[in-house]
Amino acid sequence: MDIIKKEKTGNLQKLIDIISQSGQRILIQMHNSPDPDSIASAYGLQYLLQNAGIQADICYRGEIEKYSTSRMVELLGIKLKNITEIPDMTENDYIILVDSQKGNANITDFIGNEIASIDHHPTFHKIDYLFQDIRPDVGACSSIIAEYFVENDVEMPRDVATALIYGLKTDTLDLSRGVSKLDIDMFYMLYRSADIELLNLIQLNQLQFCDLMAYSNAIKNIRIFNNMGIADIGADCPDSLLGTVSDFVMSLKEVELSVVYSSRKGGVKFSVRNETSHLDAGKIIMTVLDGIGSGGGHKSMAGGFVPQAAAEALGTSFHSFIENRIIDALREY
């Protein structure tokens, strides 16, 4: 396979030109409670900027929730800073968003100036960035960052390649979900450069014992309507685990669309997965939560959120209300 190398006038060089002339401190911000794709993308971009003589810190808010993600950070020696570790942030700091966009529900609006976004999710809030590379047709943000290495003929360190291939694998469910040609090309390139033995070590243990409660709740509470599985998996399920349980529900023979949700302080979080050609997970959850919350995402995977006040207003009828909304949305398709 031949990967075409472009002149150093592509997206990365445009970004470098903008920030190198600013003289501002550069921060790479991931979405809250970052996942492997977000971390890998930030890590790869940090190296690319460093290669161009630009120092940048990777920052986020919340916690790294999954054991395997924490293991990735530890084994690859990735340096991340929680927002609590950057008390001197100012509105003059330049922020580059990766795997996220300003205004989305899963990212905190830091005090700095969001001048750029590199992402693979659909856009719901139009923002005038100084630079943007947003490609909703790509399965993983890691693939976009990997392409920057190819475009600019930058030699990729083994640990960066290992991070990026893991981020690509997790967001595309091992190249089985929302995959584009770019994802396949970059996987091929990264596989040759990554430390596969270390990658396998990162992937070895995906769950902790305490995670099993969410699976137990899904098994006890799942309801199936016309190849759609819906389950309330209890309170305070971490966002990253919510998506994993949604994938678990999708593994059932009878399920082509899964919707799982968990209540927590502030509201109710939803995760949606779809494997059909005629349905769109992002549009369905947007329709379901219209008027009571917000939702959106890709055709194959999406998420949503209902604020606590709206959930409490529905009271004990919340579950049946959501089920009926989903059934109605499916009828429209």
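The values are calculated or read from the model by the stated rules, or taken from the named source; none is laboratory data. All of these numbers come straight from a predicted model, not from anything done at the bench. Virtual Cβ from ideal backbone geometry, glycine too; neighbours counted across all protein chains shown.
Of a type outside the set (Ser, Thr, Tyr) and touching a Gly at 6+ places or on another chain (Cβ under 9 Å): does that describe GLU147? Even if it seems obvious, please write down each step before you answer.
Details: of a type outside the set (Ser, Thr, Tyr): yes; touching a Gly at 6+ places or on another chain (Cβ under 9 Å): yes.
Judged against the criteria, GLU147 is a match.
Picking from LEU182, LEU164, LEU201, LEU173, which residue would you name as being at pLDDT below 95 and more than 30 Å from TYR261 (Cβ to Cβ)? Even if it seems obvious, please write down each step before you answer.
Details: LEU182 fails: at pLDDT below 95; LEU164 fails: at pLDDT below 95; LEU173 fails: more than 30 Å from TYR261 (Cβ to Cβ).
It is LEU201.
Condition first: in contact with a His (Cβ under 7 Å, 6 or more places away or on another chain) and either free of Cβ contacts under 8 Å to residues at least 24 places away in the same chain or surrounded by 15 or more Cβ atoms within 10 Å (Cβ to Cβ) (or both). Now tell me which residues in region 86-103 satisfy that.
From region 86-103, those in contact with a His (Cβ under 7 Å, 6 or more places away or on another chain) are 99-103; that's our starting set.
Listed by number, the residues that qualify are ASP99, SER100, GLN101, LYS102.
If only residues of region 280-333 that are in a helix (DSSP H, G or I) and of a type in the set (Lys, Arg) are counted, the one that is farthest from GLY178 (Cα to Cα) is ARG325. Selection of region 142-176 for residues being buried (at least 18 other Cβ atoms within 10 Å of the Cβ), among the acidic types (Asp, Glu) and either within 19 Å of ASP17 (Cα to Cα) or outside the structural domain of ASP99 (by TED's automatic domain parsing) (or both) yields GLU147, GLU151. Scanning region 105-118 for residues that are touching an Asp or Glu at 6+ places or on another chain (Cβ under 9 Å) and over 20 Å from TYR148 (Cα atoms) returns ASN106, PHE110, ILE111, GLY112, ASN113.
Just to be sure, is GLY139 surrounded by 18 or more Cβ atoms within 10 Å (Cβ to Cβ) and either under 14 Å from the mean Cα position of the chain (by Cα) or not assigned by TED's automatic domain parsing to the domain that holds SER193 (or both)?
Values: surrounded by 18 or more Cβ atoms within 10 Å (Cβ to Cβ): yes; either under 14 Å from the mean Cα position of the chain (by Cα) or not assigned by TED's automatic domain parsing to the domain that holds SER193 (or both): yes.
The answer is yes for GLY139.
Only one of the numbered conditions (1) assigned to a helix (DSSP H, G or I); (2) of a type outside the set (S, T, N, Q); (3) touching an Asp or Glu at 6+ places or on another chain (Cβ under 8 Å) is not met by ILE165, and that is (3). Screening region 193-214 for residues that are in contact (Cβ under 8 Å) with a residue 24 or more places away in the chain and out of contact with any Ser or Thr (no Cβ under 9 Å at 6 or more places or on another chain) and picking the one that is nearest to GLU65 (Cα to Cα) gives GLN208.
Applying a threshold of 7 Å to beta carbon distances and a minimum spacing of six or more residues, or different chains, the list of pairs starting in region 65-78 at a residue that is under 22 Å from TYR47 (Cβ atoms) and modelled with pLDDT of 95 or more and ending at one that is assigned to a helix (DSSP H, G or I) and of a type in the set (Val, Ile, Thr) reads MET72/ILE39; MET72/ILE202; VAL73/ILE39; LEU75/ILE202; LEU76/THR162; ILE78/ILE39. Tell me which residues, restricted to region 128-151, are of a type outside the set (Ser, Thr, Tyr) and under 20 Å from ILE115 (Cβ atoms). Selection gives ASP128, LEU130, PHE131, GLN132, ASP133, ILE134, ARG135, CYS141, ILE144, ILE145. Looking at the structure I just gave you, is ILE26 crowded, with 19+ Cβ neighbours inside 10 Å and farther than 26 Å from LYS269 by Cβ? Yes; evaluated as a whole, the condition is true for this residue.
Put simply, of ALA329, ALA302, ALA313, ALA231 the only residue that is surrounded by fewer than 23 Cβ atoms within 10 Å (Cβ to Cβ) and without any contact (Cβ under 8 Å) to a residue 40 or more places away in the chain is ALA313. Within region 147-201, the set of residues being under 29 Å from ALA302 (Cβ atoms) and hydroxyl-bearing (Ser, Thr, Tyr) comprises TYR148, THR162, TYR166, THR170, THR172, SER176, SER180, TYR188, TYR191. On inspection, LEU182 passes the criterion of being part of a helix (DSSP H, G or I), assigned by TED's automatic domain parsing to the domain that holds ASP37, more than 14 Å from the chain's Cα centre (by Cα) and under 28 Å from LYS283 (Cα atoms).
Residue under question is ILE111, and the condition is that it be crowded, with 17+ Cβ neighbours inside 10 Å, modelled with pLDDT under 95 and among the β-branched types (Val, Ile, Thr); does it hold? The answer is no for ILE111. Of all the criteria given as (1) crowded, with 21+ Cβ neighbours inside 10 Å; (2) in contact with an Asp or Glu (Cβ under 7 Å, 6 or more places away or on another chain); (3) of a type in the set (Gly, Ala, Ser), the one not satisfied by SER33 is (1).
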